[in-house]
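For reference, the structure is listed below as structure tokens.
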Amino acid sequence: MPEPSATPEAATAADGTAASAKRSLGSGPGRLLVTLYAVFTVAAASRSAFQVVAQFDLAPLAYSLSAVSAAVYGFITFSLVRGGEGARIAAFVCCALELLGVLGIGTWTLVESSAFPDATVWSDYGKGYLFIPVLLPVTGLIWLRRSRTA
């Protein structure tokens, strides 16, 4: 007889489906992805916080975009750690939007560099960060697609 405190999640976990869905995002190679997103969250947030507080008048667009990238990285990190199908879908959509942002901002900084007196995290497709900002969402999309539950 199950205990009264048993939850539906615990009952589902007994057959392994919910447990594997929760673990699939942040386990195995997903751990490296979570780690990279966490590092980029801290890096982009730290950089943008300083720039917004101390230098905002120099390049408001660039510094605002760096803050947006920090929020995107943070949301994806949270979704990957949380796990589950809903979080996987949210992270997938956010990674796709992140990729569009990196490609759009990267192209914009190359075409009209005068609009960006200072670099953003996504400038020149993440050149200042060894192009990791353009590789990260691609890797994330591949991982999230592979971790899809049946």
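The values are calculated or read from the model by the stated rules, or taken from the named source; none is laboratory data. All figures in this text were calculated on a predicted structure; none of them were measured in a lab. Note that we place each Cβ from the backbone using ideal geometry, even for glycine, and neighbour counts take in every protein chain shown.
Based on this model, can you work out whether Ser64 counts as surrounded by 17 or more Cβ atoms within 10 Å (Cβ to Cβ), assigned to a helix (DSSP H, G or I) and either modelled with pLDDT of 90 or more or touching an Asp or Glu at 6+ places or on another chain (Cβ under 8 Å) (or both)? So Ser64 fails the test. Pairing residues of the stretch 40-61 that are over 23 Å from Leu136 (Cβ atoms) and surrounded by 14 or more Cβ atoms within 10 Å (Cβ to Cβ) with residues that are at pLDDT 95 or above and not hydroxyl-bearing (Ser, Thr, Tyr), at Cβ distances under 6 Å and at least 6 apart in sequence or on separate chains, gives no pairs at all.
Report whether or not Ser79 is more than 23 Å from Ile142 (Cβ to Cβ), assigned to a helix (DSSP H, G or I) and of a type in the set (S, T, N, Q). Here the answer is no, as Ser79 does not meet what is asked. Residues in the stretch 113-150 that are of a type in the set (Lys, Arg) and closer than 19 Å to Ala90 by Cα: Arg145, Arg146, Arg148. Can Val121 be described as modelled with pLDDT under 90, under 28 Å from Pro29 (Cβ atoms) and surrounded by 20 or more Cβ atoms within 10 Å (Cβ to Cβ)? Answer is yes for this residue.
Among the numbered criteria (1) modelled with pLDDT of 90 or more; (2) more than 21 Å from Leu136 (Cβ to Cβ), which single criterion is violated by Ile89? Of the numbered conditions (1) modelled with pLDDT of 90 or more; (2) more than 21 Å from Leu136 (Cβ to Cβ), the odd one out for Ile89 is (2). Of the helices (runs of 4 or more DSSP H) lying entirely inside the stretch 1-59, the ones with 1 or more residues being of a type outside the set (Lys, Arg) and at pLDDT 80 or above are found at 29-55.
Just wondering, is there one or more residues in the stretch 125-139 that are assigned to a helix (DSSP H, G or I) and of a type in the set (D, E, K, R)? Checking the stretch 125-139: at least one residue is assigned to a helix (DSSP H, G or I) and of a type in the set (D, E, K, R).
Kindly indicate the residue of the stretch 82-118 that is part of a loop (DSSP other than H, G, I, E, B) and among the charged types (D, E, K, R) and also surrounded by the fewest Cβ atoms within 10 Å (Cβ to Cβ) among those meeting that condition. Applying the filter and picking the extreme gives Glu112. Taken together, Pro137, Pro133 contain a single residue that is surrounded by 20 or more Cβ atoms within 10 Å (Cβ to Cβ) and modelled with pLDDT of 95 or more, which is Pro137.
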